[in-house]
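Asker: Below you will find the structure I want to go over with you.
The values are calculated or read from the model by the stated rules, or taken from the named source; none is laboratory data. Remember, predicted model here, so these are calculated numbers, not experimental data. Cβ coordinates were reconstructed from backbone atoms using ideal geometry, including for glycine residues, and neighbour counts include every protein chain displayed.
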Amino acid sequence: MSSSAEESGAHEPLDWDDFAERPAPREAAGRDGGDLPPDRELAAVLQRFWSDVAEERNKAHAEAAGTREAAVELAIHVARLESLLAEAVEPLEAAGKRNLGRRLAVVCKQMQTQLAQIGVEATDPTGEPFDAVADEVDVLRWRHGAQYPAEVVAETLEPVVRDRGVVVRLAQVVMGAPAPAMPPAPATATPPAAAPDQPAGSTQDTQREQQE
């Protein structure tokens, strides 16, 4: 019993002098510029990693957008080249350069195929009804004439361009339409013809004198 009492009496209340100074916790040391604890150090590394990934992703998206914009511009130039080659068929044949025209047409077709593989396509809406392409064209002016029985695309200055099926560039066109009907000429009222003047001594005057 005495031994147990002695053991219990050995645990006396502690005084401030019994506490020894020791280093601050590692979290506090990290805030002051020291080493971070492993979990916080890992979190900081992951945060820097995802920040770098986001920056590279944004850079890649910007570069991809620039590439597709360049592809759209190229599609417009290829469409112009195709139109010029169509106009040059007869002059090239007259100059004995028919094979040259064919080779140029093949190259033009190859460029169109490459653009189509990445989803960029240019379409010429010439001849299409206005209602069918109203959302895909920018009408620069109208051309009226009897050769247009309805409102149709008369001429295409720039094609409509689609990127993966979505219109990204409106076509620049001239629309054709029937000639406006001439208004009817206004009707003019014709006044009744006045009776001609009868000379003095006429038959009517003679008859009136005899009745009197």
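Asker: From the list Val161, Val153, Val167, Val173, which one is modelled with pLDDT of 95 or more, among the β-branched types (Val, Ile, Thr), surrounded by fewer than 16 Cβ atoms within 10 Å (Cβ to Cβ) and part of a strand (DSSP E or B)?
Answerer: Val167
Asker: Run down Arg68, Arg80, Arg102, Arg98 and say which single residue is touching a Gly at 6+ places or on another chain (Cβ under 9 Å), basic (Lys, Arg) and surrounded by 11 or more Cβ atoms within 10 Å (Cβ to Cβ).
Answerer: One residue alone meets the criteria, Arg68.
Asker: Further question: Restricting attention to region 118-135, which residues are outside any loop (DSSP other than H, G, I, E, B), within 20 Å of Leu81 (Cβ to Cβ) and acidic (Asp, Glu)?
Answerer: Matches in region 118-135: Glu121 only.
Asker: Also, I was wondering about something else. If you check every pair at least six apart or on different chains, which have Cβ atoms under 6 Å apart with a residue in region 89-114 that is at positive phi first and a residue that is among the basic types (Lys, Arg) and exposed (fewer than 11 other Cβ atoms within 10 Å of the Cβ) second?
Answerer: Between residues of region 89-114 that are at positive phi and residues that are among the basic types (Lys, Arg) and exposed (fewer than 11 other Cβ atoms within 10 Å of the Cβ), there is no close pair.
Asker: Kindly provide the set of residues from region 43-69 that are under 30 Å from Leu115 (Cβ atoms), of a type outside the set (Val, Ile, Thr) and without any contact (Cβ under 8 Å) to a residue 60 or more places away in the chain, ordered by number.
Answerer: Those that are under 30 Å from Leu115 (Cβ atoms), of a type outside the set (Val, Ile, Thr) and without any contact (Cβ under 8 Å) to a residue 60 or more places away in the chain: Glu56, Arg57, Asn58, Lys59, Ala60, His61, Ala62, Glu63, Ala64, Ala65, Gly66, Glu69.
Asker: Please work out which residue is nearest to the chain's Cα centre (by Cα), limiting yourself to region 35-81 and to residues that are farther than 22 Å from Gly165 by Cα and basic (Lys, Arg).
Answerer: Lys59
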